[in-house]
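The values are calculated or read from the model by the stated rules, or taken from the named source; none is laboratory data. For clarity, every value in this text was computed on a predicted model and none was experimentally measured. Heads up, the Cβs are rebuilt from the backbone with ideal geometry, glycines too, and the neighbour counts pull from every protein chain shown. All accessible areas refer to the heavy atoms of the entire protein, side chains included, with ligands and DNA or RNA removed. Shrake-Rupley method; radii C 1.70, N 1.55, O 1.52, S 1.80 Å.
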Amino acid sequence: MLKRLSFTAALLSLAASPAFAHLDPAAHGSLMAGISHPLFGADHILAMVAVGVWASQIGGRALWAVPAAFVSMMAVGFGLAVAGVGLPFVEPAILASVIGLGLLVAAAVRLPVAASAAVVGIFALFHGHAHGGELGAAGALSFGLGFLIATAALHGAGVALGLGVTRFGPAVARILGLATAIGGAAIAFG
């Protein structure tokens, strides 16, 4: 039995192709590389969906203003990176954003819309800077447009998720927030 399992594992490992985290801009174009970029990082997905869920918890104008602030400041961070302006602690700030946004959702924190937009805007600056730093061979404008589209879609998914789970009670969104914070901690310390 052990020989069969070993042989099967060896055969499967030979047949496996390498995994690539992001699309190659030369093969797929800068726009598609930009769209795919945030979709292949758990830290980005968790943070961006959490922004949408938190906006749904706050409600009202926050449904669009909080995600819009994130997307806008993400573009600013991207522009800073493309211009060569450094930003300290980019990766730790991204991981802190996952944990922090998860905790905001878990605690169902209700700040004024402007304050909520400012909080996500600060986090977004670091996310955008990271994307700009990972530009590689992609064209800046189309790559930037791509990841902004993907980010907005993830925010929309978060808003829809947040609004959808409210049918089951506010505790469900809070549990999602706690799971996001734990996921962020696992990425940071794992």
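Residues of the stretch 110-132 being assigned to a loop (DSSP other than H, G, I, E, B) and touching a residue at least 24 places away in the same chain (Cβ under 8 Å), which ones?
Taking the stretch 110-132 as the starting set, the residues that turn out to be assigned to a loop (DSSP other than H, G, I, E, B) are 110-112.
Those that are assigned to a loop (DSSP other than H, G, I, E, B) and touching a residue at least 24 places away in the same chain (Cβ under 8 Å): Arg110, Leu111.
Do the conditions hold for Gly158, that is, is it in a helix (DSSP H, G or I), more than 23 Å from Ala65 (Cβ to Cβ), open to solvent by less than 30 Å² (accessible area, probe 1.4 Å) and not aliphatic (A, V, I, L, M)?
On the way: in a helix (DSSP H, G or I): yes; more than 23 Å from Ala65 (Cβ to Cβ): no; open to solvent by less than 30 Å² (accessible area, probe 1.4 Å): yes; not aliphatic (A, V, I, L, M): yes.
It is false that Gly158 is in a helix (DSSP H, G or I), more than 23 Å from Ala65 (Cβ to Cβ), open to solvent by less than 30 Å² (accessible area, probe 1.4 Å) and not aliphatic (A, V, I, L, M).
Of the residues that make up the stretch 101-108, is at least one within 19 Å of the chain's Cα centre (by Cα), closer than 18 Å to Ala68 by Cβ and open to solvent by 20 Å² or more (accessible area, probe 1.4 Å)?
The answer is yes, given that some residue of the stretch 101-108 is within 19 Å of the chain's Cα centre (by Cα), closer than 18 Å to Ala68 by Cβ and open to solvent by 20 Å² or more (accessible area, probe 1.4 Å).
With the condition kept exactly as written, say whether any residue in the stretch 85-106 is free of Cβ contacts under 8 Å to residues at least 60 places away in the same chain and among the aromatic types (Phe, Trp, Tyr).
Yes, because at least one residue in the stretch 85-106 is free of Cβ contacts under 8 Å to residues at least 60 places away in the same chain and among the aromatic types (Phe, Trp, Tyr).
Residues in the stretch 33-79 that are open to solvent by less than 40 Å² (accessible area, probe 1.4 Å), closer than 17 Å to Arg174 by Cα and not small (Gly, Ala, Ser): how many?
Count: 7.
Examine the stretch 120-134 for a residue that is among the aromatic types (Phe, Trp, Tyr) and modelled with pLDDT of 95 or more, and state whether such a residue exists.
As a first pass, look at the stretch 120-134 and keep what is among the aromatic types (Phe, Trp, Tyr): 123, 126.
Next, only the ones that are modelled with pLDDT of 95 or more stay: 123, 126.
Yes, because at least one residue in the stretch 120-134 is among the aromatic types (Phe, Trp, Tyr) and modelled with pLDDT of 95 or more.
Closer than 18 Å to Ala42 by Cα and open to solvent by 20 Å² or more (accessible area, probe 1.4 Å), is that true of Leu111? Outline the logic, then answer.
Values: closer than 18 Å to Ala42 by Cα: no; open to solvent by 20 Å² or more (accessible area, probe 1.4 Å): yes.
When the stated conditions are applied, Leu111 does not pass them.
Among the candidates Leu178, Leu148, Leu135, which residue alone is of a type outside the set (Gly, Ala, Ser), buried (at least 17 other Cβ atoms within 10 Å of the Cβ) and in a helix (DSSP H, G or I)? Walk me through how you get there before you give the answer.
Values: Leu178 fails: buried (at least 17 other Cβ atoms within 10 Å of the Cβ); Leu135 fails: in a helix (DSSP H, G or I).
Selected residue: Leu148, the only one of Leu178, Leu148, Leu135 that is of a type outside the set (Gly, Ala, Ser), buried (at least 17 other Cβ atoms within 10 Å of the Cβ) and in a helix (DSSP H, G or I).
Return a yes/no flag: does the stretch 11-30 have any residue that is under 16 Å from Gly132 (Cα atoms), at pLDDT 90 or above and under 21 Å from the mean Cα position of the chain (by Cα).
no
Here are some residues: Arg167, Arg174. Which one is among the basic types (Lys, Arg), at pLDDT 95 or above and out of contact with any strand residue (DSSP E or B) (no Cβ under 9 Å at 6 or more places or on another chain)? First the steps, then the outcome.
Details: Arg167 fails: at pLDDT 95 or above.
Sole residue among the options that is among the basic types (Lys, Arg), at pLDDT 95 or above and out of contact with any strand residue (DSSP E or B) (no Cβ under 9 Å at 6 or more places or on another chain): Arg174.
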